Amino acid sequence: MALWARHVSRWRCLLGTARAELPRRLRSGARACPGLGPAAVLPAGQDAAPGTLQACRRLAVASCSPPDSAKTGSFSSPQSNLRSVQQGQAKVETLPDLDAKILEEDWDDIPPSSALEVISEEEAVQIIAEPLVPLQSSTLRDYVDHSETLEKLVHLGVDLSQVEKRHKAGQLLLTLDFEKDVKKILLFLKDVGVEDNQLGPFLTKNPYILGEDLEALETRVAYLKSKKFGKSEIAQMVSRAPYLLLFSVERLDNRLGFFKNELGLSVKQTKDLVIRLPRLLTGKLEPVKENLQVCQIELGFQRNQIQQIAYKTPKILTASKKRLKQTFDYLHNIMGIPHHMLTRFPQVFNSKLLRIRERHMFLAFLGRAQYDPAQPSYISLDQLVSLPDEVFCTEIAKASMQDFENFLKTL
């Protein structure tokens, strides 16, 4: 509105100048051409129709053209002069329309408004100031309204409050263009097999993949396919281990070789192992090496037993050493479970020690704590830890749930 008002004001000024200037030029023409009478001059300050202006201009030009008799020094009759004027009018050259020329000026020639220009109160009210981008902030929330990338990531379900806790992840997102950088990575993840409803949680855990080179990501997927991993298996691995595709081909190959050699597994067994626990390929190897040493040196398992335990229960490779030793101590030294039975049911190491202790003590109270398969009323370790409380009480302990709860109150 302010710009339009300035244009209108300039038009009025230019048009007024033209109207004031035109009569002066016509008077000057009248003095230079005696043939132009006073009737052809417009009074200053009065409006004239366009037709009148054109007529005056043609008359002025006709009057200023000397007759042929004047050029030769002789004079002719009025009738011949009239015919000469009429012939000259046919050759009259039309002067440019001053008003039209002024109005046809290019709008771009109008100088831009100055920041110091005084404007009216109505124009000031209509000005809408855009919010400034914060120069510094501790949260990505302040930049969402200024960044198309952040806005669309939020719509995908990305939790920016978790992303900003990751090292330099917030700075990375602020430098990315959604159309040029982010969109192609999203399409790649969908092609790999990440579901639409998993994109938000996936990028919350691993926002760094948005800054990766697309060709490098495709090369890593191609490597997994060359190792006979199926499309659904790759999708499962990538979804459960979001950092998997950040690893180079050389590093992925080294990880697969490590588990194959350390555990003495076949190629198929190694592939099955990392499919069930893909974070083995992305986590640190030091805890894995330490747990293998604990199982062999402190817990007394043989190498082939460790191989079976790790293959059946991969989580034992990344479990807490303290928890692993406490669980083994109770199972082996208190309950009397031998190594070969623990090797047969390694999932018992994934159970909470409190759950194992409460159920064993209840069975011992009832006289049913029998874990030897060669004895009657044998109870397997799998039944001991995996069944719900109601099923455990009715089918294993042969007691009611109320009896079990009353017993727990005595502990």
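The values are calculated or read from the model by the stated rules, or taken from the named source; none is laboratory data. Computed from a predicted model, the values in this text were never measured in an experiment. All Cβ positions, glycine included, derive from the backbone under ideal geometry; neighbour counts span all protein chains shown. What goes into the accessible areas is simple: the full protein's heavy atoms, side chains included, and nothing from ligands, DNA or RNA. Shrake-Rupley method; radii C 1.70, N 1.55, O 1.52, S 1.80 Å.
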* Asked: Rolling a 1.4 angstrom probe over the protein heavy atoms, how many square angstrom per residue are accessible across region 192-282?
  -> 46
* Say the cut-off is 18 Å between C-alpha atoms; which of K271/K322; K289/K322; K205/K352; K152/K231; K231/K312; K165/K190 go over it? -> K271/K322; K205/K352; K152/K231; K231/K312; K165/K190
* To do: Report the extension gain between E151 and Q236 in nm, rounded to one decimal, defined as 0.36 nm multiplied by the number of residues separating them, less their alpha carbon distance.
  => 27.8 nm
* Asked: Can you put D159, D145 in order of accessible area, largest first, using a 1.4 Å probe?
  -> D145, D159
* Asked: If you average 1/r over every pair of different alpha-carbon atoms in region 226-343 and take one over that average, what Kirkwood value in Å do you get?
  -> 15.2
* Do any trypsin sites (Lys or Arg not before Pro) in region 210-310 lie in a loop, going by DSSP, with at most 11 other beta-carbon atoms within 10 Å of their beta carbon, and if so which? -> K228, K284
* Asked: List the GluC sites (Glu not before Pro) in region 179-212 that DSSP assigns to loop (not H, G, I, E or B) and whose Cβ has at most 13 other Cβ atoms within 10 Å. Which are they?
  -> E195
* Structure fact -> 1/(1 + (r/R0)^6) with r = Cβ-Cβ of T394 and S320, R0 = 41 Å, i.e. FRET efficiency to nearest 0.05, evaluates to 0.80
* Evaluate E = 1/(1 + (r/R0)^6) for H340 and Q296, where r is the Cβ-Cβ distance and R0 equals 22 Å; express this FRET efficiency to the nearest 0.05. => 0.90
* Structure fact -> Inter-part gap, Cα centre of region 210-251 to Cα centre of region 162-209, in whole angstrom, is 15
* Are there chymotrypsin sites (Phe, Trp or Tyr not before Pro) in region 310-411 that DSSP marks as loop and that have at most 13 other Cβ atoms within 10 Å, and which are they? -> Y378
* **Proportion of all alpha-carbon pairs of region 343-382 beyond 14 Å (%)** => 52
* Structure fact -> Quick calc: nm separation of the 7 Å Cα→Cβ label points for K227 and D372 -> 4.5
